[in-house]
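K.L.:
I am attaching a structure below and will ask some questions about it afterwards.
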Amino acid sequence: NIPVGTYTMVQPASGGMAFFSFMSTRFLALTGLEREEAASDPMKGFACVHPDDFDEWVRKNQWVFEHRIPFCEECRVVVKGEVRWIIAESVPRELPDGSVVWEGVLQDITARKVAEEKLAESESRYRSFFHMPLVGTAILSEGEDWVAFNEQTLVILGRTEEELRAVPWQQIVHPEDRPRDREQTERMRRGQSEGSTEEVRILRADGRMAYVLVSKGYGPLDSTGVRHFYVNLLDITERHRFQEE
């Protein structure tokens, strides 16, 4: 009745591959194995292991049996046509007759694996977002301080990382453009707008002015109950100069 699968594998005193001496009902449910078949042949007991993981799984088990050390490994199994992830963990104990028994547990970790894959995918998208060529990408706090930004943001705004973190977004925007930018931000805060795209003049640290196309969006609440602004920056100074000429 234990909610995880439990099992024991016994290695004879003469050595070699261990065999299943006990398999709980939950163990059989997790692996899709038939008790008699798995008990008769340890290799049949591994029949549920995904073909791509099978050889490595057998190799790891053989290594543990040979060296008589604890076992803790993950693999994919195929049960009723469905691929799932399990983790098996056991520890060895020597018996008076010279044989060794590994007493272990088996858990279904499919949900964790799916969550890890989604997290990895999310992190990959996040890295892609922050490494777009020619485009500055940044995250601003509710008060429009800098939370994170890529290298291109520093290039466009003409500041070092230390210089940029020292001033909030509003102080970088040209004074004449600040009211318009602030109004767009307040509209997002009030829920009247999901985002904005506008041209603003930027004051660089070297004193030069740059024209920047700014796309700003107001993100959802994160796990801590905080919202951020997500910003894309594109330097259009050369385009402006060309239009003026």
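The values are calculated or read from the model by the stated rules, or taken from the named source; none is laboratory data. Predicted, not measured: the structure shown is a model, and the values here were computed from it. Because the Cβ atoms are built from the backbone with ideal geometry, glycine has one as well, and the counts that use them run over all protein chains shown. Side chains are part of the model used for accessible areas, which takes the heavy atoms of the whole protein and leaves out ligands, DNA and RNA. Shrake-Rupley method; radii C 1.70, N 1.55, O 1.52, S 1.80 Å.
K.L.:
Suppose we filter Arg84, Arg68 for residues that are out of contact with any Phe, Trp or Tyr (no Cβ under 6 Å at 6 or more places or on another chain), within 22 Å of Ala115 (Cα to Cα) and open to solvent by 30 Å² or more (accessible area, probe 1.4 Å); which single one remains?
P.N.:
Arg84
Table: residues versus (1) among the aliphatic types (A, V, I, L, M); (2) assigned to a strand (DSSP E or B); (3) out of contact with any helix residue (DSSP H, G or I) (no Cβ under 6 Å at 6 or more places or on another chain).
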site	(1), (2), (3)
Trp85	no, yes, no
Asp97	no, no, yes
Ala115	yes, no, yes
Ser124	no, no, yes
Glu144	no, no, no
Glu163	no, no, yes
Val167	yes, no, yes
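K.L.:
Do the conditions hold for Ala120, that is, is it of a type in the set (A, V, I, L, M), open to solvent by less than 60 Å² (accessible area, probe 1.4 Å), at pLDDT below 90 and closer than 30 Å to Glu89 by Cα?
P.N.:
Yes.
K.L.:
With among the hydroxyl-bearing types (Ser, Thr, Tyr) and surrounded by 13 or more Cβ atoms within 10 Å (Cβ to Cβ) as the only criterion, which of Ser223, Ser215 stands out?
P.N.:
Of the residues listed, the single one that is among the hydroxyl-bearing types (Ser, Thr, Tyr) and surrounded by 13 or more Cβ atoms within 10 Å (Cβ to Cβ) is Ser215.
K.L.:
Restricting attention to region 193-210, which residues are open to solvent by 50 Å² or more (accessible area, probe 1.4 Å) and assigned to a loop (DSSP other than H, G, I, E, B)?
P.N.:
Listed by number, the residues that qualify are Glu194, Ala205, Asp206, Gly207, Arg208.
K.L.:
Can you tell me which residue in region 146-166 is nearest to Tyr230 (Cα to Cα), limited to those that are in contact with a Lys or Arg (Cβ under 8 Å, 6 or more places away or on another chain) and free of Cβ contacts under 8 Å to residues at least 60 places away in the same chain?
P.N.:
Trp146
K.L.:
Looking only at region 97-112, count how many residues are modelled with pLDDT under 95, open to solvent by 60 Å² or more (accessible area, probe 1.4 Å) and not acidic (Asp, Glu).
P.N.:
Matching residues across region 97-112 total 2.
K.L.:
With Arg208, Arg227, Arg180 as the choices, which residue is touching a residue at least 40 places away in the same chain (Cβ under 8 Å), among the basic types (Lys, Arg) and within 20 Å of His240 (Cβ to Cβ)?
P.N.:
Sole residue among the options that is touching a residue at least 40 places away in the same chain (Cβ under 8 Å), among the basic types (Lys, Arg) and within 20 Å of His240 (Cβ to Cβ): Arg208.
K.L.:
For region 169-191: of the residues being modelled with pLDDT of 90 or more and assigned to a loop (DSSP other than H, G, I, E, B), which is most open to solvent (accessible area, probe 1.4 Å)?
P.N.:
Glu176
K.L.:
Right, here's the next one. Filter region 43-65 down to residues that are among the basic types (Lys, Arg) and at pLDDT 90 or above and give me whichever is surrounded by the most Cβ atoms within 10 Å (Cβ to Cβ).
P.N.:
Lys60
K.L.:
Tally time: how many residues in region 1-31 are open to solvent by 70 Å² or more (accessible area, probe 1.4 Å) and of a type in the set (S, T, N, Q)?
P.N.:
3
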